1. Which order do the peptides 272-282, 94-104 take when ranked by the mean count of other beta-carbon atoms within 10 Å per residue, highest first?
2. Go ahead and run the numbers for FRET between Ala460 and Val202, Cβ-Cβ distance against an R0 of 60 Å, rounding to 0.05.
3. Return P(r) of segment 46-202 (all Cα-Cα pairs; 10 Å bins starting at 0; whole %; ordered from short to long distances).
4. Across the Cα atoms of segment 27-108, what radius of gyration and what greatest pairwise Cα-Cα distance (Dmax) are found, in Å?
5. With the calculation restricted to Cα positions, what are the radius of gyration and Dmax of segment 32-388 in angstrom?
6. If the chain between Tyr365 and Glu305 were fully stretched, how many nm would it gain, using 0.36 nm times the residue separation less the Cα-Cα distance?
7. May I ask you to order 417-428, 50-61, 332-343 by the average number of other C-beta atoms within 10 Å around their residues, highest value first?
8. Rank Gly267, Ile246, Ile121 by how far each Cα sits towards the positive end of the charge dipole of segment 32-388 (+1 on Lys, Arg Cβ; -1 on Asp, Glu Cβ) and give me just the farthest.
Amino acid sequence: MTSTIPTSEFDTAIGDDRHPSLHNDDLAPLPSEKRRWGAFEIFNVWTNDVQSLAGYTLAAGLFVTAGINGWWVFAAIILAGLFVNWLVNLTGKPSVKYGIPYAVMARSSMGVQGAQFPALIRGIVAMFWYGAQTYFASTAVAMALNAVLGNPELPVFLGMDAIDWVAYVFVAMLQVALFVGGIAWIERFLNVAGPAVYAVMVILLVVIWIQAGDRLLPAVGSLFAGDDRVGWDAVLAFVGVIGTMIAYFSAVVINFGDFARFSRSEGAMRRGNFLGLPVSLAFFTFLSLFITAGAYIVLQGGEGEPLTNPAEIVGLVGNVFLTIVAAVTFVIATIGINLVANFIPPAYDLSNLAPQRISFRAGGYITAAFGFIVGALWVATISRIGLPAFVDTLGAILAPLYGVLVADFYIIQRRRLKVADLYSMDPAGRYHYQKGWNLRAIVVVGVAAVFSIAAVWMPALQALSGFAWVIGAVLGGLLYLAAMWNLRAAAGGTAPAVETASPVETGA
């Protein structure tokens with residue numbers, strides 16, 4: 001069991017020579033007395049991620065477009081949850097052990113200055129996700145306003161009418177207000193949001209099932225029969241669904257340490273991950289499968305394409321009260337994951353770029369401003385590439401960073417970090433490399449990212465598009481190991497020194 005360390009020992013660990021360009025209070029190791037999260041809080045991180053409007057839309061969309069039987073899609077999504085659970089246990093362990101965020105953890109492999117590179121990439125990707133999720137949350141608010149106002153005809157700008165814009169600005173401002181309230185407010189918000197969304201989804205399913213009667217179960221079997229792809233092509237589609245779902249979670253997978261550092265123990269983190277990923281994802285996918293099928297036969301009359309946005313499904317129910325309650329709940333869920341996955345991480349990452357000039361809060365404001373622009377352009381431009389391609393592309397960008405981080409901690413560093421050197425510019429420091437940059441690691445990330453992004457966009461590699469994240473992560477890890485062992489050989493067989501660790505270094 002990994003233990004945590006009191007403030008006094010952490011202050012000793014990072015030393016008196018901590019460099020101002022590498023340290024502020026938000027980036028410092030988090031001591032045991034400030035770690036309040038148990039399994040329930042980690043569980044809620046994932047339930048809010050799973051339950052967002054974008055998460056539902058992606059899952060339901062895969063049932064419609066995968067071209068294989070819906071039950072196989074269901075199985076693929078659950079397998080993805082199990083795999084992601086394993087991935088985040090790997091990235092969460094060092095942050096539970098040392099209490100450091102991802103931006104600091106990346107210094108071990110990239111160098112104390114070079115870590116600005118992956119932090120910037122992670123921050124930009126999160127900002128794109130932040131804008132997309134803000135737009136999805138605003139569609140629920142717009143749905144409720146239209147239900148009350150009777151769907152008035154209004155002028156359209158950038159694909160959204162006046163009600164859409166009012167809803168979008170409202171959601172954007174609400175998220176900033178919650179962020180300003182601090183991590184304690186966000187924690188309480190998440191603890192309410194997760195259970196509330198499940199309650200509303202169950203009610204929605206009951207309403208639809210009562211109307212559908214004995215037609216629902218046959219509809220699930222026939223609507224997603226999916227015999228378009230057979231043989232090896234069907235196998236590729238099955239694995240592609242797994243890859244796309246992994247890519248959806250990639251933004252949180254890479255920087256899960258930003259949340260794991262708040263865990264009281266590694267055991268609590270693991271329990272929360274298991275309940276929040278494979279277990280919660282299975283239940284949510286079951287609900288989305290039956291709601292999508294039921295809405296198609298009851299609310300759409302079996303015509304057109306099945307609706308994949310739950311806000312649109314609720315809008316067809318015809319009950320204004322249910323529409324408003326569902327809208328509020330879906331907004332809460334989507335805002336929850338937006339704060340967790342796409343607001344807090346880039347705030348840390350941007351703070352890491354210039355700790356003395358950019359605080360955690362200032363990083364959050366920058367994220368909000370950039371994300372607002374992305375979300376405002378979602379309908380008119382970005383959404384044209386399609387949500388699965390959008391997800392796979394962002395995942396392909398981040399994947400090599402994951403491979404490098406895991407390979408470095410578990411193999412090169414042998415699960416031991418020298419905490420003081422993560423905050424020091426001393427040329428003799430373990431993570432100083434060449435003037436603070438490990439150029440080999442940065443080249444590795446760039447090369448691996450080219451291959452993983454090409455798997456999404458090159459027609460010749462179309463069959464690999466769903467595997468882009470896995471390709472990038474595996475390639476990044478293997479190339480990094482090869483580069484660092486090559487460095488070891490060039491240095492006469494000595495790897496980056498792994499000294500006998502103190503209690504602070506090992507977390508013992």
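What follows is calculated from the coordinates using simple rules that are stated; it is not laboratory data. The model shown is predicted, which means the values in this text are computed figures rather than measured ones. All Cβ positions, glycine included, derive from the backbone under ideal geometry; neighbour counts span all protein chains shown.
1. 94-104, 272-282
2. Once rounded, the FRET efficiency stands at 0.85.
3. 8, 23, 35, 24, 8, 1
4. Answer for segment 27-108, Rg first and Dmax second: 16.9, 51 Å.
5. 20.2, 64
6. Details: separation 60, 0.36 × 60 = 21.60 nm, distance 3.91 nm.
Gain on extension, Tyr365 to Glu305, equals 17.7 nm.
7. Descending mean neighbour count gives 332-343, 50-61, 417-428.
8. Among Gly267, Ile246, Ile121, the one farthest towards the positive end of the dipole of segment 32-388 is Gly267.
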